[in-house]
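Chemist: Below is a structure I'd like to ask you about.
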Amino acid sequence: MGLTAIECPDGVCHSHHGGHAVERHAMQEVLQEHGREWCERLAERIYEMSVDTFSQTVMPSLHAAGWQRRHLDWEFKLADQESEPDRTLVDGIINATESFLRSSEVHRLFIQELVQGTFDEASDQHLRRSAVRDLIETELLVMLEERQEELLERLTSRLLGEAQGNAQQAHLAAYEGLQEVERLLTNHTEAI
């Protein structure tokens, strides 16, 4: 299942991970009445509030002196002495996390997926989802498995130029590319 603000098993819609519960038809009526734009604005505002709260309350703790050593040293075996490369890497990951959350593209994709998922979940028309899942699981993934060697040969030959004639490197890249496509299809199946 993709992102959604609600879960509607058996015709009853609950807020994500429990809480409030209403009949599916009541949720459909409310969503129809408010409309997609209203839902997007609401989700955007809540997202902005969440990122601001994260930045104002969590980020200072993450950057506090000693925090990294207390919480990361035991698991990641940071250097015994103060290590500038370790601190630089940890600070960079923390800063990248905040940048990721503040990214307008991430924000837009999150809102789009959340609102679409919410409207889809409230709908009792799940045939399209079933069709996509069935197509991926019983046709595409099976075809990729059955034709793996043929696909690898063709892709390897097309990658030889970029691999500067290194057949082993081209084959490995082709294999990894095929594995990534299979993971993407599997993840998509799980997300719908």
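The values are calculated or read from the model by the stated rules, or taken from the named source; none is laboratory data. Just so it is clear, the model here is predicted, and its values are computed rather than measured. Reconstructed Cβ throughout: ideal geometry from the backbone, glycine too, with neighbour counts over all protein chains shown. Just the protein is used for accessible areas: all its heavy atoms, side chains included, with ligands, DNA and RNA removed. Shrake-Rupley method; radii C 1.70, N 1.55, O 1.52, S 1.80 Å.
Chemist: Could you check, for the stretch 135-146, whether at least one of its residues is open to solvent by less than 80 Å² (accessible area, probe 1.4 Å), of a type in the set (Asp, Glu) and in a helix (DSSP H, G or I)?
Modeler: Taking the stretch 135-146 as the starting set, the residues that turn out to be open to solvent by less than 80 Å² (accessible area, probe 1.4 Å) are 136, 138, 140-144.
Pick out the ones that are also of a type in the set (Asp, Glu) and you get none.
No: zero hits.
Chemist: Also, I was wondering about something else. Could you tell me how many of the residues in the stretch 14-36 are over 15 Å from Leu114 (Cα atoms) and either touching a Gly at 6+ places or on another chain (Cβ under 7 Å) or at pLDDT 85 or above (or both)?
Modeler: Qualifying residue count, the stretch 14-36: 12.
Chemist: Continuing with the same structure: Considering only residues that are under 23 Å from Val106 (Cα atoms) and either open to solvent by less than 80 Å² (accessible area, probe 1.4 Å) or of a type in the set (Val, Ile, Thr) (or both), which ones fall in the stretch 13-41?
Modeler: Ser15, Gly35, Cys39, Glu40
Chemist: Looking at the stretch 112-131, which of its residues are of a type outside the set (S, T, N, Q) and either surrounded by 15 or more Cβ atoms within 10 Å (Cβ to Cβ) or farther than 26 Å from Glu37 by Cβ (or both)?
Modeler: Those that are of a type outside the set (S, T, N, Q) and either surrounded by 15 or more Cβ atoms within 10 Å (Cβ to Cβ) or farther than 26 Å from Glu37 by Cβ (or both): Glu113, Leu114, Val115, Gly117, Phe119, Asp120, Glu121, Ala122, Leu127, Arg129, Ala131.
Chemist: With the structure loaded, tell me whether Arg69 is modelled with pLDDT of 70 or more and over 30 Å from His14 (Cα atoms) or whether it fails that test.
Modeler: On the way: modelled with pLDDT of 70 or more: no; over 30 Å from His14 (Cα atoms): yes.
No, not satisfied.
Chemist: Report, by residue number, each residue of the stretch 87-101 that is touching a helix residue (DSSP H, G or I) at 6+ places or on another chain (Cβ under 8 Å) and open to solvent by 80 Å² or more (accessible area, probe 1.4 Å).
Modeler: Arg87, Phe100
Chemist: For Gly177, indicate whether it is of a type in the set (Gly, Ala, Ser), more than 30 Å from Met27 (Cα to Cα) and within 23 Å of the chain's Cα centre (by Cα).
Modeler: Answer is yes for this residue.
Chemist: Can you tell me which residue in the stretch 102-111 is nearest to Met49 (Cα to Cα), limited to those that are open to solvent by 50 Å² or more (accessible area, probe 1.4 Å) and of a type outside the set (Ser, Thr, Tyr)?
Modeler: Among them, the one singled out is Arg102.
Chemist: Please specify each residue of the stretch 155-192 satisfying the condition of being surrounded by 14 or more Cβ atoms within 10 Å (Cβ to Cβ) and not in a helix (DSSP H, G or I).
Modeler: Leu160, Ala163, Ile192 - these are the residues of the stretch 155-192 that are surrounded by 14 or more Cβ atoms within 10 Å (Cβ to Cβ) and not in a helix (DSSP H, G or I).
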